[in-house]
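First up is the structure itself, then whatever we jot down about it.
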Amino acid sequence: MADQATAQEFDILVLGGGSGGYAAALRAVQLGLTVGLVEKAKLGGTCLHNGCIPTKALLHSAELADHARDSAKYGVNVTLDSIDITAVNAYKDGIVAGKFKGLTGLIKSKGITVIEGEGRLTAPDTISVNGTAYKGKNIVLATGSYSRSLPGLEIGGRVITSDEALELDYIPQSAIVLGGGVIGVEFASVWKSFGVDVTIVEGLPSLVPNEDETIVKQLERAFKKRGIKFSTGTFFQGVEQSENGVKVTLVDGKTFEAELLLVAVGRGPVTANLGYEEAGVTIDRGFVITNERLHTGVGNIYAVGDIVPGVQLAHRGYQQGIFVAEEIAGLNPIVVEDVNIPKVTFCDPEIATVGYTEKGAKAKFGDDQVQTQEFNLAGNGKSSILGTSGTVKVVRQKDGPVVGVHMIGARMGEQIGEAQLIVNWEAYPEDVAQFVHAHPTQNETLGEVHLALAGKPLHG
């Protein structure tokens, strides 16, 4: 047990024990700094408890269900009797519990002081928890995000968010998913695999509207083939609940009915009533505004993760937490722009992207200064073995480095590692083309598309 003086004052005091907060704490103690980590619930935050980890566990169960349905074409005679949602949830919760145990053990073993309770910033160097003031020479705000709704759309009853969806103890016969972004398409994918009649409602013109146009078209085609229905280009107006279900109305008067409505319109920053503004921190629409080095401009206060405007991803939180710890320690770490952070959407088929889309690259560099190349997974042996279809698309500056890689297909998320190295190390297609990619792997698709872009296609 740390003594009273150590417990009250730290080199770094972190508010929030999610991905960004605990990464900052772990890196800081590596660098010889004393750390207090304030957490009101469980270490690991949204990602571990009601985000990345449990949703991907559901998606794996969904994948196995689809494999069972399709097994005969691979010569394996298996029948899918049912989905035991109680057992699915037990598997999911077991994964979370194991990772939580590992994380708490790691935090404890590193000598980080965990302060349990709801913290509030009460001065530029002070966080108060349950009536006790703790001081930090540096403060890191890492309070994360929540499942948000639309104005006037109340959550309750048959209108749920991803938090409630993860805890469902039954499989609905039908569901409407409001929002065709990452969370929406992942849950739609799971539910369809579990036998649910799913309809996605997205007000923007397409599903996954932030992705490259090639990826969007392929996902929509794949979802249609799977029987996932979707309505795009018309915004939501309202929902009525009854004893048996929900009725969703769009602004053009069109209606949809189902057993449940999942509201998947994104996540909002958790910053209200935490003393941020009173301390002088700039808040814009709930987000903490920082400079590129994640400093708030007030005292020695930094912010990381989902409360900082930009992509809300656990690995961005990790990176920013590490960055801030190193910044405080005087190591002058390199800034990684949001556009160069890898992103994976774990629906079926998976989407994996990093860097600029073709449209984004043309906006930045000019229409005539961008080159693209695509490789169809039909030309890849391992993808054919797996029974998946899709595309790898590379975007480069004309006669310059690769600035974007966009992939869709089963398991293509596993290829994002090399893709993000190519983009972040500003590799030229000619650089990548000379490296050997193992056969037969899906990884070969990255080699093939760069060979083609370098002017020497092999199988294209």
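Of the helices (runs of 4 or more DSSP H) lying entirely inside the stretch 1-110, the ones with 2 or more residues being aliphatic (A, V, I, L, M) and in contact with a Ser or Thr (Cβ under 7 Å, 6 or more places away or on another chain) are found at 52-70.
Would you be able to say whether some residue in the stretch 385-396 is of a type in the set (Gly, Ala, Ser), out of contact with any Lys or Arg (no Cβ under 8 Å at 6 or more places or on another chain) and at pLDDT 95 or above? Within the stretch 385-396 (the criterion being of a type in the set (Gly, Ala, Ser), out of contact with any Lys or Arg (no Cβ under 8 Å at 6 or more places or on another chain) and at pLDDT 95 or above), the answer is yes, since at least one residue qualifies. Residues of the stretch 430-443 include none that is among the hydroxyl-bearing types (Ser, Thr, Tyr), touching a strand residue (DSSP E or B) at 6+ places or on another chain (Cβ under 7 Å) and farther than 24 Å from residue 364 by Cα.
Looking only at the stretch 405-424, count every residue that is more than 17 Å from residue 390 (Cα to Cα) and surrounded by 22 or more Cβ atoms within 10 Å (Cβ to Cβ) and tell me the total. Walk me through it before giving the result.
Initial filter on the stretch 405-424 (more than 17 Å from residue 390 (Cα to Cα)): 417-418, 420-424.
With the extra rule that they be surrounded by 22 or more Cβ atoms within 10 Å (Cβ to Cβ), the set shrinks to 422-423.
Residues meeting the conditions: 2.
Annotation: residue 322 fulfils all but one of (1) surrounded by 21 or more Cβ atoms within 10 Å (Cβ to Cβ); (2) in contact (Cβ under 8 Å) with a residue 60 or more places away in the chain; (3) more than 30 Å from residue 398 (Cα to Cα); the unmet one is (1). Residues in the stretch 152-192 that are of a type in the set (Val, Ile, Thr) and either surrounded by fewer than 19 Cβ atoms within 10 Å (Cβ to Cβ) or part of a strand (DSSP E or B) (or both): 155, 159, 160, 171, 176, 177.
For (1) in contact with a strand residue (DSSP E or B) (Cβ under 8 Å, 6 or more places away or on another chain); (2) in contact (Cβ under 8 Å) with a residue 40 or more places away in the chain; (3) outside the structural domain of residue 409 (by TED's automatic domain parsing), each residue gets a yes or a no:
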residue	(1), (2), (3)
48	no, yes, yes
58	no, yes, yes
65	no, yes, yes
79	no, no, yes
95	no, yes, yes
108	yes, no, yes
112	yes, yes, yes
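The set of residues in the stretch 193-218 being closer than 15 Å to residue 348 by Cα, of a type outside the set (A, V, I, L, M) and assigned to a loop (DSSP other than H, G, I, E, B) consists of 194, 195. Inside the stretch 224-244, residues that are outside any strand (DSSP E or B) and under 30 Å from residue 70 (Cβ atoms) make up a count of 5.
Looking at residue 354, is it under 28 Å from residue 207 (Cα atoms), touching a His at 6+ places or on another chain (Cβ under 7 Å) and assigned to a strand (DSSP E or B)?
Values: under 28 Å from residue 207 (Cα atoms): yes; touching a His at 6+ places or on another chain (Cβ under 7 Å): no; assigned to a strand (DSSP E or B): yes.
For residue 354, the condition - under 28 Å from residue 207 (Cα atoms), touching a His at 6+ places or on another chain (Cβ under 7 Å) and assigned to a strand (DSSP E or B) - is not met.
Among the conditions (1) assigned to a strand (DSSP E or B); (2) surrounded by fewer than 17 Cβ atoms within 10 Å (Cβ to Cβ), the only one that residue 136 does not satisfy is (2).
One line per residue, one yes/no per condition, for (1) out of contact with any Ser or Thr (no Cβ under 8 Å at 6 or more places or on another chain); (2) outside the structural domain of residue 44 (by TED's automatic domain parsing); (3) surrounded by fewer than 20 Cβ atoms within 10 Å (Cβ to Cβ):
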site: 221; (1), (2), (3): yes, yes, yes
site: 229; (1), (2), (3): no, yes, yes
site: 247; (1), (2), (3): no, yes, yes
site: 284; (1), (2), (3): yes, no, yes
site: 297; (1), (2), (3): no, no, yes
site: 304; (1), (2), (3): yes, no, no
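Which residue is farthest from residue 62 (Cα to Cα), if the candidates are limited to the stretch 373-404 and must be among the hydroxyl-bearing types (Ser, Thr, Tyr) and within 26 Å of the chain's Cα centre (by Cα)?
Initially, the stretch 373-404 is screened for residues among the hydroxyl-bearing types (Ser, Thr, Tyr), giving 383-384, 388-389, 391.
From the residues that got through so far, the ones that are within 26 Å of the chain's Cα centre (by Cα) too are 383, 388-389, 391.
Details: 383: 19, 388: 16, 389: 18, 391: 23 Å.
My answer is 391.
Only one of 213, 202 is under 23 Å from the mean Cα position of the chain (by Cα) and crowded, with 19+ Cβ neighbours inside 10 Å; which?
Numbers: 213 fails: crowded, with 19+ Cβ neighbours inside 10 Å.
That would be 202, the only listed residue that is under 23 Å from the mean Cα position of the chain (by Cα) and crowded, with 19+ Cβ neighbours inside 10 Å.
Here residue 221 passes the criteria (1) more than 30 Å from residue 390 (Cβ to Cβ); (2) in a helix (DSSP H, G or I) except the one numbered (1).
Would you check if residue 101 is of a type in the set (D, E, K, R), exposed (fewer than 11 other Cβ atoms within 10 Å of the Cβ), assigned by TED's automatic domain parsing to the domain that holds residue 282 and at pLDDT 95 or above?
Values: of a type in the set (D, E, K, R): yes; exposed (fewer than 11 other Cβ atoms within 10 Å of the Cβ): yes; assigned by TED's automatic domain parsing to the domain that holds residue 282: yes; at pLDDT 95 or above: yes.
When the stated conditions are applied, residue 101 passes them.
The values are calculated or read from the model by the stated rules, or taken from the named source; none is laboratory data. All values derive from a computational prediction rather than experimental measurement. Counting neighbours? That spans all protein chains shown, and the Cβs are built from the backbone with ideal geometry, glycine included.
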